[in-house]
1. Search region 188-214 for residues being in a loop (DSSP other than H, G, I, E, B) and among the aliphatic types (A, V, I, L, M), and hand back the single one that is surrounded by the most Cβ atoms within 10 Å (Cβ to Cβ).
2. Select, from 124, 133, the only residue that is closer than 27 Å to residue 190 by Cβ and in a helix (DSSP H, G or I).
3. Just to be sure I understand, how many residues within region 155-178 are buried (at least 22 other Cβ atoms within 10 Å of the Cβ) and of a type in the set (Val, Ile, Thr)?
4. Among the residues of region 50-72, is there at least one that is of a type in the set (Phe, Trp, Tyr), more than 22 Å from residue 17 (Cα to Cα) and within 27 Å of the chain's Cα centre (by Cα)?
5. May I ask you to say which residue of 65, 12 is among the aromatic types (Phe, Trp, Tyr), buried (at least 16 other Cβ atoms within 10 Å of the Cβ) and touching a His at 6+ places or on another chain (Cβ under 9 Å)?
6. Applying the selection to region 215-244, what residues are among the hydroxyl-bearing types (Ser, Thr, Tyr) and either at pLDDT 95 or above or not in a loop (DSSP other than H, G, I, E, B) (or both)?
7. Can you name the condition, by its number, that residue 115 falls short on among (1) part of a helix (DSSP H, G or I); (2) closer than 30 Å to residue 57 by Cβ; (3) of a type outside the set (Phe, Trp, Tyr)?
8. Considering 104, 33, 85, 44, which residue is out of contact with any Lys or Arg (no Cβ under 7 Å at 6 or more places or on another chain), within 28 Å of residue 116 (Cα to Cα) and surrounded by 16 or more Cβ atoms within 10 Å (Cβ to Cβ)?
Amino acid sequence: MSALATALQRYFTDYAVNQRDLSPHTIAAYRDTWRLLLRHTAATLNVTADKVDLAMLDAPLVSGFLDDLQASRGNSATTRNARLTAIRAVLAHALPDHPEHAATITRVLAIPPRRRATRLVEFLTEPETDALLSAPDTDTWTGRRDQAMLALGVQTGLRVSELTSLTTHAIHLGTGAHVTCTGKGRRQRATPLTRTTADLFALYLTERVTRPGDALFPGPRGQQLSRDALEHRLAKHLKTAAAHCSSLIGKHVTMHTLRHTAAMRLLAAGVDMSVIALWLGHQNTVSTDVYLHADMTIKQNAIDRTRPPDVTPGTYTPNPGILAWLDAL
């Protein structure tokens with residue numbers, strides 16, 4: 001067995017599970033990265049995958065692998081950086097046991113992440129949200145299930161993974177209605193439910209108990225819906241909603257957009273950023289600051305505070321007579 005094979009075995013069977021206690025999702029992502037890297041290395045060096053060793057994984061080869069992910073697979077800079085993190089994690093753990101490869105490993109660890117442009121977050125306006133929540137056909141079971149799922153996503157801002165993992169025991173109705181979940185880093189949190197959402201789930205759970213399994217949003221056989229299934233259902237309802245709300249046409253909306261929508265609703269209501277961070281399950285407010293950049297109302301209020309004393313606040317609106325005069329030129 002090669003030194004690389006031993007390092008991978010130690011990392012995935014002991015260190016990642018028993019010492020780091022990484023989530024199954026993270027372990028699967030790291031595993032997939034190494035599968036891709038081994039195949040790329042084998043093809044590049046014309047060897048079989050079981051012959052790949054630590055000495056072969058130098059910085060030029062790893063950089064070429066990362067560049068190939070973007071060129072041939074269309075991976076974004078974010079995905080590329082996540083793959084680099086997975087490679088670094090295993091090699092950093094292997095380094096103390098293989099000082100003979102220290103120079104090669106250190107150069108790989110020094111590969112910088114790819115810089116990426118920071119885009120404004122996409123979120124739904126109130127009319128768009130209303131159109132989406134009205135889109136599912138509530139005369140069918142799947143329509144009622146989808147409406148409850150979308151309503152919960154918009155109101156609580158749960159991540160897709162958190163929504164799919166919910167069970168019927170996660171919803172607590174009555175006084176102080178809330179939903180409990182386990183998020184990133186295995187951090188547990190409880191998110192309050194509005195009266196409207198609680199009433200919706202009181203009806204939904206009454207029907208849900210007649211179905212198999214304990215997943216809150218089950219598939220045909222009672223199993224948890226996958227991430228792809230949720231995105232597929234969302235795309236279907238977006239198409240219906242766009243027929244009644246033209247601003248949804250051409251708008252890129254995913255399940256994560258519902259999370260952004262929940263955050264922007266809280267921000268518009270004047271909720272403090274630290275509270276929004278707790279609501280979304282962020283460790284600190286750094287991840288939540290992106291919503292400040294997306295909220296034009298906050299920026300407009302800032303402009304209004306800096307206006308001269310004799311200027312009326314608000315957006316400038318030209319005299320309609322001037323517009324008519326310009327149109328007549």
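The values are calculated or read from the model by the stated rules, or taken from the named source; none is laboratory data. Quick caveat: nothing in here was measured; it's all calculated off a predicted structure. Note that we place each Cβ from the backbone using ideal geometry, even for glycine, and neighbour counts take in every protein chain shown.
1. Let us first name the residues in region 188-214 that are in a loop (DSSP other than H, G, I, E, B), namely 193-194, 209-214.
Next, only the ones that are among the aliphatic types (A, V, I, L, M) stay: 193, 209.
Working: 193: 22, 209: 8.
Restricting to residues being in a loop (DSSP other than H, G, I, E, B) and among the aliphatic types (A, V, I, L, M), the top hit is 193.
2. Details: 124 fails: in a helix (DSSP H, G or I).
Being closer than 27 Å to residue 190 by Cβ and in a helix (DSSP H, G or I) holds for just one of 124, 133, which is 133.
3. Residues that pass the stated criteria total 2.
4. Residues of region 50-72 that are of a type in the set (Phe, Trp, Tyr), as a first pass: 65.
The next check asks that each one be more than 22 Å from residue 17 (Cα to Cα); those that pass are 65.
Now restrict to residues that are within 27 Å of the chain's Cα centre (by Cα): 65.
Checking region 50-72: at least one residue is of a type in the set (Phe, Trp, Tyr), more than 22 Å from residue 17 (Cα to Cα) and within 27 Å of the chain's Cα centre (by Cα).
5. Values: 12 fails: touching a His at 6+ places or on another chain (Cβ under 9 Å).
Only one candidate passes the filter, namely 65.
6. At the first step, the residues of region 215-244 found to be among the hydroxyl-bearing types (Ser, Thr, Tyr) are 226, 240.
Scanning region 215-244 gives a single hit, 240.
7. (1)
8. 104
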